[in-house]
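*Asks:* Let me begin by handing over the structure; questions about it come next.
The values are calculated or read from the model by the stated rules, or taken from the named source; none is laboratory data. Small disclaimer: the values here were computed from a predicted structure and weren't measured. Reconstructed Cβ throughout: ideal geometry from the backbone, glycine too, with neighbour counts over all protein chains shown.
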Amino acid sequence: MLQNLQGVDLFSPTIVQIIISLGISLVCSFAISLVYRFTYRGPGYSNSFVLSIIYLSLIVCLVIMIIGNNLARAFGLVGALSIIRFRTAVKDTIDIVYIFFGLAVGMAAGVGYHRVAIVGTAVIALVLIFFSKMNINIFKGEQFLLQIQYADDDMTPVKEIMHNYCSKYELINVKSSAGDAPREFSYYINLKRKKDFLDFVKEVRGVKAVLNLNLFRDEEHI
């Protein structure tokens with residue numbers, strides 16, 4: 001059976017086909033890297049990651065051409081690549097999207113689906129640019145962790161403010177010390193649309209019983 005698997009080799013690209021496939025993979029992955037640079041947000045931009053998208057796409061294209069239709073080669077490469085361990089942490093989930101984007105383009109170019117690689121790159125790139133530049137907040141929830149140090153037992157004034165500013169709020173923790181020490185209340189809150197968190201903080205701090213207030217969003221202290 002192993003001989004039968006080794007004999008399955010129906011995909012043997014010529015030099016011209018190899019150059020065209022690698023060229024298309026290079027152009028498409030370069031376009032992907034430009035889209036990533038154009039849509040990136042944050043201070044941790046990595047030039048090496050952008051270049052790695054191009055290199056990865058080219059290497060995947062070459063690997064796909066090496067495998068061809070030979071199942072024995074496919075199993076052999078899976079076994080060889082399984083010993084590689086990647087320990088670099090991905091900073092943002094969107095980086096994974098671009099990694100798979102480059103992989104898909106390299107695979108398409110490697111098997112000779114050049115139109116799929118080109119059209120797919122163009123369409124997905126437009127989608128990525130559209131959602132990043134149009135500031136669409138359909139899937140974006142303004143979620144916060146609110147911590148209040150309160151000197152009274154009646155939380156009604158704060159709850160009225162939360163009812164005005166929040167579409168949802170949930171008490172998750174109450175911390176109480178011995179004696180007359182103020183209690184600390186922790187809430188998960190979702191701000192309503194068109195409500196500014198700075199205005200919310202200002203009104204809550206205006207309550208006399210509020211001694212201290214902390215508001216956290218996306219692991220950042222506000």
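*Asks:* Among the candidates V50, V60, single out the residue that is under 15 Å from A117 (Cα atoms), surrounded by 17 or more Cβ atoms within 10 Å (Cβ to Cβ) and either modelled with pLDDT of 70 or more or outside the structural domain of Q17 (by TED's automatic domain parsing) (or both).
*Replies:* Testing whether each residue is under 15 Å from A117 (Cα atoms), surrounded by 17 or more Cβ atoms within 10 Å (Cβ to Cβ) and either modelled with pLDDT of 70 or more or outside the structural domain of Q17 (by TED's automatic domain parsing) (or both) leaves just V60.
*Asks:* Sticking with this structure for a sec: Can you tell me which of (1) farther than 24 Å from D92 by Cα; (2) modelled with pLDDT under 85; (3) outside any loop (DSSP other than H, G, I, E, B); (4) not β-branched (V, I, T) is the one K195 doesn't meet?
*Replies:* (3)
*Asks:* Looking only at segment 37-65, which residues are farther than 18 Å from A104 by Cβ, in a helix (DSSP H, G or I) and free of Cβ contacts under 8 Å to residues at least 40 places away in the same chain?
*Replies:* R37, N47, S48, L51
*Asks:* Turning to a different aspect of this structure: What number of residues within segment 129-144 satisfy the criterion of being at pLDDT 75 or above and either part of a loop (DSSP other than H, G, I, E, B) or within 18 Å of F197 (Cα to Cα) (or both)?
*Replies:* Looking only at that region, the number is 2.
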